[in-house]
Every structure is written in C-alpha cells, then in structure tokens.
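Asker: Okay, handing you the structure first.
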Amino acid sequence: MAVHYRLCLILTRSICALDPLRTIEEAVQGGVDMIQVREKDCSSADLLAWSQKVVGLGNKLGVPVIINDSVEVAIAAKASGVHLGQDDLNVADARKLLGDERLIGLSTHDLEQLDDAALAGADYVGFGPIFPTATKGNSQGIGVEQLIGATVMSRLPMLAIGGITVENAWMLPGKAGIAVSSAICGSEEPGKMAHSLCGASLY
C-alpha cells in the first residue's frame with residue numbers, strides 16, 4: 001500500500017499541554033495528517049479504550065490513526081494500522097493478522113534495517129532518531145547525513161523522527177515526512193506548531 005505522510009503526530013497523553021483530544025483537533029487543523037497513539041505505561045484495556053476515542057476522532061477529522069506496538073489493539077480499535085519497533089512482532093506475522101488493508105510501519109535506525117523493512121513488506125518506515133530526544137532517552141541522534149543517505153536508498157515512504165523542532169526541521173531532506181511528539185504535544189498552540197513544522201521542513 002503506497003502511503004506518504006507529511007506530518008505524523010506521535011500522541012502521548014502525559015506530555016500534552018492541552019486536553020489530548022483538543023491537541024489532536026488543533027494539530028490536524030495545522031497540518032498533521034497521521035496520528036500515532038503511543039502509550040508505553042498503560043494496560044491493554046486502557047490503551048484500547050483510549051485508542052477507540054482517538055480512532056473515532058481521527059475518522060471525524062479524516063486522518064488515519066496508527067497504534068504503537070500493539071497489533072491486537074489496532075484490530076480491536078479499528079485503527080488504520082500499527083507501528084512496530086525492531087523488537088515487536090515481525091512484519092510478516094503482523095500482516096497475517098492485519099491483512100492488506102491496514103498499514104504497517106516499522107521503526108528503523110540504520111540502512112540495513114531500512115532495506116529489511118522493504119523486504120518484509122512494511123508500508124512505511126520511521127527513521128531515526130535524527131536528533132537527540134528525551135522522549136526516547138537518546139542522548140545522541142544519528143544525524144541528518146544518515147537521513148539523507150536513507151532517503152536516497154529507501155524503497156518505502158519515510159518519516160524522519162527524533163528531536164525534530166521548528167528550529168531544526170529545515171535541515172531535513174524534502175523526500176522524508178516528519179514525525180514529532182513533544183514539539184506538538186507539549187505546545188499550548190498545537191495547531192500553530194504543526195503549521196510551523198510543515199512550513200519549516202523542506203517537504
């Protein structure tokens with residue numbers, strides 16, 4: 001499934017400056033065209049209940065909602081797909097459960113993983129962390145140079161991720177979309193922040 005998104009909001013409730021649903025609404029108005037639900041510290045039941053709310057709002061706003069890590073919750077919440085890490089369920093097994101109509105994204109951190117993602121049948125990849133990011137506990141990013149190389153060789157649509165802000169988004173190559181968490185979630189004006197990120201990137 002060919003997909004290419006410009007700005008993905010990785011949504012974590014605990015870091016939202018505003019009500020998370022309001023954050024979504026304003027961020028989509030500002031240019032966000034994908035939502036990824038990322039909740040690392042909650043039960044499956046809580047994740048499902050929250051994901052159903054986000055999926056409902058996403059359907060109303062016309063943006064896909066992806067669930068981080070959990071294929072089961074993605075199916076139960078009727079989400080648009082799942083985003084997997086390198087240590088999660090592999091793409092082939094996820095595809096058997098999800099079918100061809102739902103998206104599967106895969107986090108990648110180097111060129112070898114990027115190539116493997118295409119062979120495995122992922123629909124898109126996240127690539128990073130490009131810059132240092134407290135959200136994922138990375139004190140060092142892999143750098144813009146690595147991202148530029150990745151965009152040249154990637155056979156899949158790509159979202160650059162990791163420490164991306166309005167101040168550094170201009171450095172990113174236009175072939176890659178961007179995925180952000182803190183920059184939008186932590187803003188009291190998420191719509192304006194999303195709009196600024198879209199304008200700052202070379203998309």
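Readers should treat all values here as calculations from the given coordinates under stated rules, not as data from a laboratory. Predicted model, so just to flag it, every value in this text is computed and none were measured. Please note: Cβ atoms are built from the backbone with ideal geometry, for glycine as well, and neighbour counts cover all protein chains shown.
Asker: Which GluC sites (Glu not before Pro) in region 1-103 sit in a loop by DSSP (not H, G, I, E or B) and have at most 13 other Cβ atoms within 10 Å of their own Cβ?
Answerer: GLU101
Asker: Note down the net charge around VAL71, summing +1 for each Lys or Arg and -1 for each Asp or Glu among other residues with Cβ under 11 Å from its Cβ.
Answerer: Every neighbour counted, the sum reads -1.
Asker: Please state the charge dipole magnitude for region 7-200, taken about the Cα centre, from unit charges on C-beta atoms (+1 on K and R, -1 on D and E), reported in debye and rounded to the nearest 20.
Answerer: 360 debye
Asker: With an 8 Å cut-off on Cα pairs and a minimum separation of 6 or more residues, tell me the relative contact order of the chain in percent.
Answerer: Relative contact order here is 25 percent.
Asker: Could you size up the charge dipole of region 107-203 around its Cα centre, putting +1 on the beta carbon of Lys and Arg and -1 on that of Asp and Glu, and report it in debye to the nearest 20?
Answerer: So the magnitude is around 160 debye.
Asker: Show the residues, 5+ positions off or on another chain, whose built amide H is closer than 5 Å to the amide H of LEU103.
Answerer: GLY81, VAL82
Asker: Continuing with this model, one more query. For region 1-83, run through the trypsin sites (Lys or Arg not before Pro) and keep only the ones in DSSP coil with at most 14 other Cβ atoms within 10 Å of their Cβ. Walk me through the numbers before you get to the answer.
Answerer: On the way: sites: ARG6, ARG13, ARG22, ARG38, LYS40, LYS53, LYS60, LYS78; in loops: ARG6, ARG38, LYS40, LYS78.
Listed in order of number, the matching sites are LYS40, LYS78.
Asker: As a footprinting exposure proxy, order THR108, THR165 by other Cβ within 10 Å, with the fewest listed first.
Answerer: With the fewest neighbours first, THR108, THR165 line up as THR165, THR108.
Asker: Thinking of region 37-134 as a set of Cα atoms, what percent of all their pairs are more than 24 Å apart?
Answerer: Counting pairs separated by more than 24 Å, the tail of P(r) holds 23 percent.
Asker: Find out how many positive minus negative residues lie around VAL125, taking Lys and Arg as positive, Asp and Glu as negative, among other residues whose Cβ is under 14 Å from that of VAL125.
Answerer: -4
Asker: I've got another one for you. Tell me, VAL73, VAL166, VAL152 in order of fewest to most beta-carbon neighbours within 10 Å?
Answerer: Result, fewest neighbours first: VAL152, VAL166, VAL73.
Asker: Return the label of the correct value of Kirkwood radius over Cα pairs in Å, as calculated from the structure shown, out of (i) 16.6; (ii) 18.4; (iii) 17.3.
Answerer: (i)
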